[in-house]
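Let me begin by presenting the structure, written as structure tokens, before commenting on it.
The values are calculated or read from the model by the stated rules, or taken from the named source; none is laboratory data. Predicted model only: the values in this text are computed from it and were never measured. Backbone-built Cβ (ideal geometry, glycine too); neighbour counts: all protein chains shown.
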Amino acid sequence: MVTGSHIPDDRNGIKLTKESGEVLKTDEEDILRNVGYARTAEYEKPLQESLFDKNGIFKEDHNLPEAECETEAINIYVHRYSNVFKDKPLSHKKIVLYQHSAVGRDIVQEIFEGLGADVVPIERSDKFIAVDTEKVSIDTTSLLQKASREHKPFAIITTDGDSDRPLLADENGSFLPGDKLGALASIFLNPDFISIPISANDAVVSSLDKRGIKVIQTRIGSPYIIDAMDRELKRNPNSKVASWECNGGFLLGSDWSINNRTLKSLPTRDAVLPLICVLLLAANNNQTVSGLVTSSLPNRYTHADVIDEKSRGCEVYTAEMGKSIIKMLSPENSDISQVDFTEEGIKANGVDCSTGTVHNLTWIKEKFCNYFTNERGFTDIVSINFIDGIRIAFSNNDVAHLRPSGNAPEFRIYATADTQEAANRIVGKAADIIPNIIRDFIMKESGE
């Protein structure tokens with residue numbers, strides 16, 4: 001599937017799906033090797049024999065065939081929810097649907113109208129609009145707040161362009177981050193096991209722990225959380241397992257009994273299920289969406305942003321450089337995924353710390369202390385996690401997480417704090433710090 005979601009409209013993503021489910025990391029080696037063979041064969045052709053011109057563009061346009069079984073697939077997906085959520089449970093609830101250019105906009109409307117909601121579609125567009133459900137733009141924020149004022153809804157919903165990532169705003173137009181959306185959906189579903197990425201709001205993890213739900217944190221990306229679900233099902237075949245990403249996409253790893261009916265497993269990103277779960281949770285408790293969030297989850301806030309080669313001071317940054325920077329600032333012992341700096345000394349997730357390891361971990365901490373300084377508003381570093389990128393926890397409970405993209409010249413910044421203002425400040429400061437890290441890396445590589 002060639003797909004556009006939250007990316008700029010001059011770019012495309014490509015997503016491969018097997019008959020058995022999503023492509024996992026264990027599949028990628030064979031895929032990339034064969035892609036390499038095909039590329040080599042094409043690149044070795046003379047220009048006149050190649051399918052592509054000198055700019056890498058197809059010489060001839062290739063129209064895609066008409067989609068087969070599209071109507072059948074849509075009907076199966078709509079029935080998936082209409083069959084389980086009977087008796088119009090969202091009757092008398094006004095829900096604004098921001099349609100934009102989302103491929104699933106009409107399907108989402110059909111599903112929620114089938115649940116009894118009074119759906120008000122707005123802002124339909126024939127031009128592609130990039131909607132990021134994690135880094136919500138100022139334009140999207142303004143649109144949500146305007147829709148709240150004009151329509152006074154129970155909630156506002158939308159998805160990204162390819163409709164596998166949801167976005168939910170409460171009755172005031174306030175955006176609910178995907179990790180909190182997933183947590184509330186889990187409260188509704190009550191699973192035995194959840195796998196979520198390391199970038200998730202730490203208060204979400206603790207709140208689910210307190211409910212007796214087993215929580216495993218993984219590297220960022222659906223292949224990793226799917227792998228964690230698969231491992232849990234091998235250990236406990238009857239376990240009810242689910243997972244989600246911070247972009248809101250929800251994955252159901254087991255069949256689920258709801259209203260004496262079975263909701264079949266769907267271990268790939270789904271935007272509709274978490275929206276239904278959270279809206280029903282609020283409706284069943286006679287709460288507003290904002291009231292549900294306040295009463296169900298701790299006051300802990302997140303923010304995220306991206307630094308790329310267009311950012312000041314990052315003009316020479318590349319994806320490979322990002323990987324090298326993370327390697328430089330990670331432990332020499334790759335078995336170490338978490339380091340805690342305590343009054344008793346350095347503790348590294350079950351690994352015996354030799355003198356050399358202690359020196360290495362101390363050096364890493366000192367390097368970050370030089371970037372995340374008191375003058376910039378940061379307190380002492382109490383732990384660093386290396387599961388995916390580098391996640392730094394400070395003594396005042398602030399968290400800064402730096403993670404480069406695997407294939408794009410981008411450095412994503414995640415922040416968690418006790419107030420939204422503090423989370424925003426961390427991201428702003430980190431945006432100043434990353435150019436310094438890049439500069440120091442370049443100087444080290446050049447021997448200066």
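Which ones in the range 42-59 are small (G, A, S) and more than 36 Å from the chain's Cα centre (by Cα)?
Residue satisfying the conditions is S50 alone.
Is it the case that I157 is surrounded by 23 or more Cβ atoms within 10 Å (Cβ to Cβ), among the hydrophobic types (A, V, I, L, M, F, W, C) and over 30 Å from I390 (Cβ atoms)?
yes
To keep it simple, each residue is scored yes or no on (1) outside any loop (DSSP other than H, G, I, E, B); (2) loosely packed, with under 10 Cβ neighbours inside 10 Å; (3) on the phi < 0 side of the Ramachandran plot.
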{"residue": "N63", "(1), (2), (3)": "no, yes, yes"}
{"residue": "E66", "(1), (2), (3)": "no, yes, yes"}
{"residue": "V78", "(1), (2), (3)": "yes, no, yes"}
{"residue": "D87", "(1), (2), (3)": "no, yes, no"}
{"residue": "I95", "(1), (2), (3)": "yes, no, yes"}
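Answer yes or no as to whether N299 is modelled with pLDDT under 95, surrounded by fewer than 16 Cβ atoms within 10 Å (Cβ to Cβ) and within 22 Å of the chain's Cα centre (by Cα).
Criteria met by N299.
Going residue by residue through the range 49-69, is there one that turns out to be among the small types (G, A, S) and at pLDDT 95 or above?
no
Counting only residues that are out of contact with any Lys or Arg (no Cβ under 8 Å at 6 or more places or on another chain) and surrounded by fewer than 17 Cβ atoms within 10 Å (Cβ to Cβ), how many does the range 419-439 have?
The number of residues fulfilling the criteria is 7.
Collect the residues in the range 231-244 that are exposed (fewer than 15 other Cβ atoms within 10 Å of the Cβ) and in contact with a strand residue (DSSP E or B) (Cβ under 8 Å, 6 or more places away or on another chain), keeping them in residue-number order.
Once the filter is applied, which keeps residues that are exposed (fewer than 15 other Cβ atoms within 10 Å of the Cβ) and in contact with a strand residue (DSSP E or B) (Cβ under 8 Å, 6 or more places away or on another chain), the range 231-244 yields only N236.
Select from the range 1-30 the residues that are of a type in the set (A, V, I, L, M, F, W, C) and either modelled with pLDDT of 80 or more or more than 20 Å from E66 (Cα to Cα) (or both) and write down the one among them that is nearest to the chain's Cα centre (by Cα).
Checking each candidate, the answer is I7.
Can you pull out the residues in the range 24-50 that are in a loop (DSSP other than H, G, I, E, B) and in contact with a helix residue (DSSP H, G or I) (Cβ under 7 Å, 6 or more places away or on another chain)?
If the condition is that a residue be in a loop (DSSP other than H, G, I, E, B) and in contact with a helix residue (DSSP H, G or I) (Cβ under 7 Å, 6 or more places away or on another chain), then L24, S50 are the ones that fit.
Here is a list of conditions, (1) of a type outside the set (A, V, I, L, M); (2) touching a residue at least 12 places away in the same chain (Cβ under 8 Å); (3) part of a helix (DSSP H, G or I), and T294 meets all of them except one; can you say which number that is?
(2)
For the subset of the range 407-418 comprising residues that are within 19 Å of A200 (Cβ to Cβ) and not aromatic (F, W, Y), which member is surrounded by the fewest Cβ atoms within 10 Å (Cβ to Cβ)?
Once the filter is applied, the top-ranked residue is D418.
Can you pull out the residues in the range 362-408 that are touching a Lys or Arg at 6+ places or on another chain (Cβ under 8 Å) and acidic (D, E)?
Passing the criteria: only D388.
Just to check your reading of the model, which residue among V293, V316, V272 is surrounded by 15 or more Cβ atoms within 10 Å (Cβ to Cβ), over 19 Å from N83 (Cβ atoms) and hydrophobic (A, V, I, L, M, F, W, C)?
Of the residues listed, the single one that is surrounded by 15 or more Cβ atoms within 10 Å (Cβ to Cβ), over 19 Å from N83 (Cβ atoms) and hydrophobic (A, V, I, L, M, F, W, C) is V293.
Among the listed residues R425, R403, R412, R391, which satisfies the condition of being of a type outside the set (D, E), at pLDDT 95 or above and within 20 Å of G322 (Cα to Cα)?
R391 is the lone residue from the list that is of a type outside the set (D, E), at pLDDT 95 or above and within 20 Å of G322 (Cα to Cα).
Does the range 267-279 contain at least one residue that is without any contact (Cβ under 8 Å) to a residue 60 or more places away in the chain and assigned to a loop (DSSP other than H, G, I, E, B)?
Within the range 267-279 (the criterion being without any contact (Cβ under 8 Å) to a residue 60 or more places away in the chain and assigned to a loop (DSSP other than H, G, I, E, B)), the answer is no, since none of the residues qualifies.
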